[in-house]
1. With springs only between Cα atoms under 10 Å, which of B:A380, B:A302, B:A285 fluctuates most in a Gaussian network model of chain B?
2. Restricting to DSSP H runs of at least four residues, report the calculated mean residue ellipticity at 222 nm for chain B, -39500 (n - 2.57) per run over all residues, nearest 500 deg cm²/dmol.
3. Test of understanding: what is the full-extension gain from B:A309 to B:D169, defined as 0.36 nm times their sequence separation minus their Cα-Cα distance?
4. Within a 10 angstrom radius of the beta carbon, how do B:M93, B:M397 rank from fewest other beta carbons to most?
5. Which listed residue (B:G50, B:L250, B:I367) has the Cα farthest towards the positive end of the charge dipole for the protein assembly as shown, taking +1 on Lys and Arg C-beta and -1 on Asp and Glu C-beta about the Cα centre?
6. Compute log10 of I(q)/I(0) for the range B:2-350 with the Debye formula, placing one identical point scatterer on every Cα and leaving out solvent, at q = 0.07, 0.13, 0.14 Å⁻¹, to two decimals.
7. Hey, in the GNM for chain B with a 10 angstrom Cα cutoff, which one of B:G413, B:G253, B:G74 fluctuates hardest?
8. Lys/Arg Cβ at +1, Asp/Glu Cβ at -1, dipole of the protein assembly as shown taken about the Cα centre: which of B:T145, A:V15, B:T198 is farthest positive-ward?
Amino acid sequence: MNLTIDDVRRRLTNVLVTRVVRMDPKALSPETPLIKTGLNLDSVALLEFVVGIEDEFGITLDDAALTADRFRSLGTLAKYVHDIASAPAARPA
Amino acid sequence: MIFQEVERHARERPDAVALVSGADRRRYCALVADANRLARGLIERGIHPGDAVALQLGNTPAFVIALLGLARLGAVAVLLDDELKKSEVEAAMASAGARRLLASDTFSEMAAIDRDSQVPVLPPMPPPHAPWLCQFTSGTTGAPTPVVRTHAQVAFALEAFASAIGTTDRDCFLAAIPLTHGYGLFNACLGALHAGGTIVLHPRFDRRETLRLIARERVTVFPAVPFMWAILAETRMPTPVDLSSVRWPLTGGARLDARTWRVVRDRLGLQLRQMYGTTETSVIAMNLDTDVESTLESVGRALPGIEIAIENGTVAVRSGSASRADADGWTRTGDVGRMDESGRLFLLGRATEIVRVAGRTINPAEIESVLASYPAVRDAAVITIRDPHGEPAIKAMVVAECTVGELVEFCQGRLAAYKMPRVIDLCASIPRGRTGKVLARDIVPLSIDD
């Protein structure tokens, strides 16, 4: 089954509101900034988020690859996670 | 004193590895030579015994060399978190009376001196009562207050730690928490140098790299904060890593909950032991119980040579490691605790308003005063909230005629990232009690911005 960016973003939003911040998912848009402004997640919250994303998608995200660019918003993060989750190696055998 | 101890290790076991940092494996003989060279370089640049020099070097070999170089010289090392912004560095240096800053860009310049030169001549070793370390603790006014420790106070703390866990020169310590803070400095860095062991320096916490380093370097002592342990236990590795070398998996800096303890035992095979200390005293208690699970919520009993008492519900300490004591010789910590009949200490919170987030101390008053300095802000209050994992996080409530985005932008230039509030809420008013203390439960949220 093809994973769409919208699916990824919806699942990311769910990980975010269940594991990291308690808030109404309706208040989040693809453009909501995750770091520096908006939700302003700190390094602790970001790592909690990352562990949740790895569990949700069964993928591995290197801490060193977790750049501010990729975490700018749910939209940019969804694109990054989509690329990794769609790569052949990430699919469960 | 620490410098003489490190010199002795270099004499007896010159080729023993003192520091590991990436591909850099620095032996004890090289570490002493580097420290001596830096001490002479500092003299050449006008630094004298008793002068204060600020260090903002992160968890790097340069940091350890600078600590030892200043110890040799008899100067004071003012330890600054590497996330501090320029204005915070300047304020800290001013309050500690530091004249120079050693940062990554100025370090090699200061250490630049002819490798074989014996000029300028080094002064005699500093006496035990000479001040050596200056760290910061958050005071009630919000401005971080310098805490100065002498060589003798540090030596007392290191001896208590070493005798409690029986460190040897075969021990390998992983430094993955900031060495500018007392918890990391004493238990991941100075404790290793005291024992003649190895320090593995990890500058920025990376989950999988931390686990790989433990396995590759056969780490035996690893102090971390509960959050790091929880996240390491939840991290999946492509291939299993062998953590069996770790004989002292230590946790401190924040409350350990039973769930984290069990997850770490089940997934990493390690039984965490809590330890407790303050910036003024270093470690004073540690859970050394054989059956840790039955007492996992205790920070343990007082270390050898240290007395702990509960006084009106708060923890008081008598220790040769303390930077300050009241006239009766006891240091009041401000931490709320209780003690069981066999001397085990349990911490219940803090009497003073200090918040610990991910092993770092944050004073709400400092954040409040930054928020209040923004012209559109009429009132600001900072409280701690629990995130869904039960970890403390900072929330700011602000009465202001501006957006949350503007406040975040304003704070970013003035506060280190770890002090930034996780949540900023705009409120109609902040109810305060008669003492001015915020009555957090009564705050009415006005809107959620952004």
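FYI, it's all coordinate maths here, none of it is from the lab. Keep in mind it's a predicted model, so treat the numbers as computed, not measured. All Cβ positions, even for glycine, are placed from backbone atoms using ideal geometry, and neighbour counts span all protein chains on display.
1. Fluctuation is largest for B:A380.
2. Values: 12 runs with 126 residues, N = 450.
Taken over chain B, the calculation gives -8500 deg cm²/dmol.
3. On the way: separation 140, 0.36 × 140 = 50.40 nm, distance 3.33 nm.
Difference between extended and current length: 47.1 nm.
4. On the way: B:M93 19, B:M397 25.
The order, fewest Cβ neighbours first, is B:M93, B:M397.
5. Going by the charge dipole, the pick is B:L250.
6. At q = 0.07, 0.13, 0.14 Å⁻¹ the computed log10 ratios are -0.28, -1.02, -1.18.
7. B:G413
8. B:T198
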